[in-house]
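Below: one structure, written as structure tokens.
Nothing in this text is a laboratory measurement; each read-out follows from the coordinates by a stated rule. What you see is a predicted model, and the numbers here were worked out from it, not measured in a lab. Glycine also receives a Cβ, built like all others from the backbone with ideal geometry; neighbour counts cover every protein chain displayed.
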Amino acid sequence: MVAMKVVVLGAGIVGMTSALRIVEDCGTAGLDMTVMADKFSPNTTSDVAAGNAEILNVKTGLRPMREMIRLEKEEKKDNLSGKTVQIIHNYGHGGNGIAWSFGCAKEVAIMVKQLLQKQSTKSRL
Ligand SMILES: Cc1cc2nc3c(=O)[nH]c(=O)nc-3n(C[C@H](O)[C@H](O)[C@H](O)COP(=O)(O)OP(=O)(O)OC[C@H]3O[C@@H](n4cnc5c(N)ncnc54)[C@H](O)[C@@H]3O)c2cc1C
């Protein structure tokens, strides 16, 4: 079976908790996991919020949020490769990203598990 490529975008608490949950709940067999981000710990919001309250600069303290968290699956066609890709959105936690990261990561892992099951059913046909 070809391993399913999973890319987690973002290495703050939401991304890292999701990556960990996916590996713990789905196992590593059949999964090819990469975490991509332009900033890693300790330069993410989560570290500052969770660890120490040191003010780094005036930009620190942003809490991007939506009216509701976006936590859902979306199927999209990649215009470059022509392949269909599955996107799992998990963002917009605002001032609650630490508290909600665990539950949201669990939901993400369930969605990845469903995609893995779908792929293994397809490859057996
Ligand atoms: C002062 C303060 C106090 C807080 N107190 C609490 C609290 O008590 N309880 C609580 O639950 N929450 C609290 N929060 C909120 C919580 O810190 C955030 O909700 C949480 O850090 C968000 O986590 P995140 O992983 O989504 O974002 P981040 O930690 O900001 O990580 C985002 C990641 O995505 C990457 N990224 C973003 N855009 C791109 C891009 N275009 N390309 C590549 N990589 C990208 C970044 O490099 C980074 O790795 C607080 C926040 C602040 C600022």
| task | List the residues whose amide H sits under 5 Å from the amide H of MET4, counting only those 5 or more places along or on another chain, with H placed 1.01 Å from N in the peptide plane. | result | LEU31, ASP32
| query | If you plug each phi of the range 98-103 into the Karplus form 6.51 cos²θ - 1.76 cosθ + 1.60 with θ = phi - 60°, what whole-Hz ³J(HN,Hα) values come out, in order, with x for Gly and Pro? | reply | 6, 4, 8, 4, 5, x
| note | Counting sequence-distant residues (5 or more places) and residues on other chains, those with an amide H built under 5 Å from that of GLY10 are MET36, ALA37
| query | Given the Cα-Cα distance of LYS122 and LYS5 and 0.36 nm per residue of separation, how much length would full extension add, in nm? | reply | 40.5 nm
| Where in the range 86-102 is the amide nitrogen less than 17 Å from a point lying 7 Å along the Cα-to-Cβ axis of VAL35? | 90-91, 97-102
| 21 Å Cα-Cα reach of LYS106 towards lysines, excluding residues that sit fewer than 8 places from it in its own chain | LYS5, LYS73, LYS118
